[in-house]
Structures are given as C-alpha cells and as structure tokens.
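Asks: Questions regarding the structure given below will be posed in turn.
Bear in mind that the values in this text are calculations on the coordinates, not laboratory data. Note that this is a predicted model, so its numbers are computed, not measured. Methodologically, a virtual Cβ is constructed for each residue, glycine included, from the backbone with ideal geometry; neighbour enumeration extends over all protein chains shown.
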Amino acid sequence: MLFEKLEGIVIRVKDYGESDKLVWIYTREKGKISCIAKGAKRPNSRLAACTQLFTYGIFVIQPSSGLSTIRQGDVINNLSSIKKDIVLTAYSAYVCELLDKVTEEKISNPYLFQLVMQVIVYIDEGIDAEILKQIYDVKMLEVLGIKPRLLSCSLCDRNESLVGFSLKNGGMLCNTCAHQDSNIIFLRGQLVKLLMIYSVLDITNLGKINVSEESKQILSRIINNYYDEYSGLHLKSKKFLEQLDLFV
C-alpha cells in the first residue's frame, strides 16, 4: 500500500457522518488535496489535533483518485494565538478561503504554499493582520491573472509622477493621464509607494511596515473594489471581516 508524507496546512474542515471529517490541506508538494480523516471527530482520536483548521504539520496520506485518506499527522505548529482570537481567526479564515477558491486540486505551487504559510505565521505572531491581508490580496491577484498596474501608469507606461488609482483602467495613473478617469482615487506619495511595495515585496523579508489607520482604510477600499470589479469572487470570510470591523 502506497503512502505519501506531505507538509501542509489545513485550510478547510467539514464534518462527515458521525465520526469522520473531510479535510482540505494545502501542501508544499502536491498543492491542495481533499482527504477523509476517519474517526477524527472522536475526542480520543489520534487525528483530532492534526485535522483542526489552520494546523500546520506533516501528514501521512494514502492517495486516491478521489478522496485521499489521512493515516497520520504530526503537528508542527497549531497556531494557537490565532485560535484564541476571533479577529485573527477571521483574517486567517479569509486567507484560507481565498486560497481554496483560486486553486485546483493536486497542482503543486511551492511559491503559493510559502506565501500562505508565511502570512498565517505572521498573523499568529501578532503582526498587523490588515497589512498582511492587503499584501496577500495584491499577491493573489497575480495568481488570478488580474494583477493591476502598480509600478507604472496604466495608460502611458510612465513610471514616475504616479498620483492615483483608477479602477476603470486597472491600475495607477500618472499626473498627465489622471484627468481621463473622473473617479480616480488620488493618493499621497507614501501610499503610491506602499502599493508598489506590496506588489514586489518578498513576504519572507517583511521587516517593519508602519501604516496609519486612515491609510489602511484607503488601501483596503482600493483593493476590495478591485476584487469586486475583476475577480468574480464572493467570500463568506470577507463579509464576516467587514461585519467584525463594525464592532472592534
């Protein structure tokens, strides 16, 4: 009987029958895989801990053309800070749901695995979750094939004197072209640079990014509007984040 040992993070869990779970794991080696964890709902099951949402570990899988079977799991990091905080849980759920929506099963993407893992670990470590979400959102637009023009003007290709974001034109506009969109969102130089940084930043070398609440709100509006206009995605976790923002 063939088994595979895979490194991955649990991105979705669903109860199945009286004692089993359906578990979706995003792995470094195989991309997203769907599995059944037999008996995992039982309190004394050896699979109970490793099949919790957001758990990062090493999984021993019996592969199948349909649902694979989890035979064993060793927890590397249970991301306990996320699980204790409803806000961090909401942000992490968004990261996982977006990943789940934009990926097909059994297509390896080590870059995407590293991106998701690093963002979630940073969230667990207490780094500003809204900034991390915005960086992640910008990176995922490239995965979706709808990356906006953030490094140069969307109309004339100039990479200087960028003054605002145009939803209609799919990216930044320079001071010469800005008049061509009456709905352009004008941005201070700092925010123009920040969007550029989001686009090119290596997430493993995040460093310290200080962003005011006002600036985060402006960037969040730009990114959310862009997703609404071009992605066709409707995420439950996004709606929950928006509702949560009204109470925190």
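Asks: For S65, S45, what ranking results if the residue with the fewest other Cβ atoms within 10 Å of its Cβ goes first?
Replies: Result, fewest neighbours first: S65, S45.
Asks: Further question on the same structure: Of the listed pairs K30/K193; K5/K133; K30/K239; K41/K101, which have alpha-carbon separations greater than 28 Å here?
Replies: Cα-Cα > 28 Å for K30/K193; K5/K133; K30/K239; rest within.
Asks: By how many degrees, 0 to 90 and rounded to 10, does the Cα axis of helix 189-200 deviate from the longest principal axis of the chain?
Replies: 40 degrees
Asks: So, in nm, how far is label R188 from label N224 when the simple model puts each one 7 Å beyond its Cα toward the Cβ?
Replies: 2.1 nm
Asks: How high is the FRET efficiency between L206 and S108 when r is their beta carbon distance and R₀ equals 25 Å, given to the nearest 0.05? It would help to have the intermediate numbers written out before the result.
Replies: Values: r = 25 Å, r/R0 = 0.98.
Rounded to the nearest 0.05, the efficiency is 0.55.
Asks: Which residues' amide hydrogens lie under 5 Å from the amide hydrogen of R71, considering only partners 5 or more residues apart or on another chain, with H built in the peptide plane?
Replies: V60, I61, Q62
Asks: Under a Cβ-only charge scheme (Lys and Arg +1, Asp and Glu -1), can you give me the dipole magnitude of the stretch 4-78 about the Cα centre, in debye to the nearest 20?
Replies: Rounded to the nearest 20 debye, it is 60 debye.
Asks: I would also like to ask the following. Check which residues have an amide H placed less than 5 Å from G31's amide H, if you skip close sequence neighbours.
Replies: For G31, whose amide H was placed from the backbone, the distant partners under 5 Å are N109.
Asks: Among I123, N183, V138, pick out the residue whose Cα is farthest towards the positive end of the charge dipole of the chain, where Lys and Arg carry +1 and Asp and Glu carry -1 on C-beta, about the Cα centre.
Replies: I123
Asks: Could you check the simple spin-label distance between L67 and K84, using points 7 Å along Cα→Cβ, in nm with one decimal?
Replies: My value for the distance between the label points is 3.4 nm.
Asks: Exactly which GluC sites (Glu not before Pro) in the stretch 108-206 are in a DSSP loop and have at most 12 other Cβ atoms within 10 Å?
Replies: Hits after loop and neighbour filter: E125, E160.
Asks: Moving on to the next point. May I ask for the longest run of the chain untouched by trypsin sites (Lys or Arg not before Pro) that are loop-located per DSSP and have at most 10 neighbouring C-beta atoms (other than their own) within 10 Å?
Replies: The longest uninterrupted stretch comes out as 85-207.
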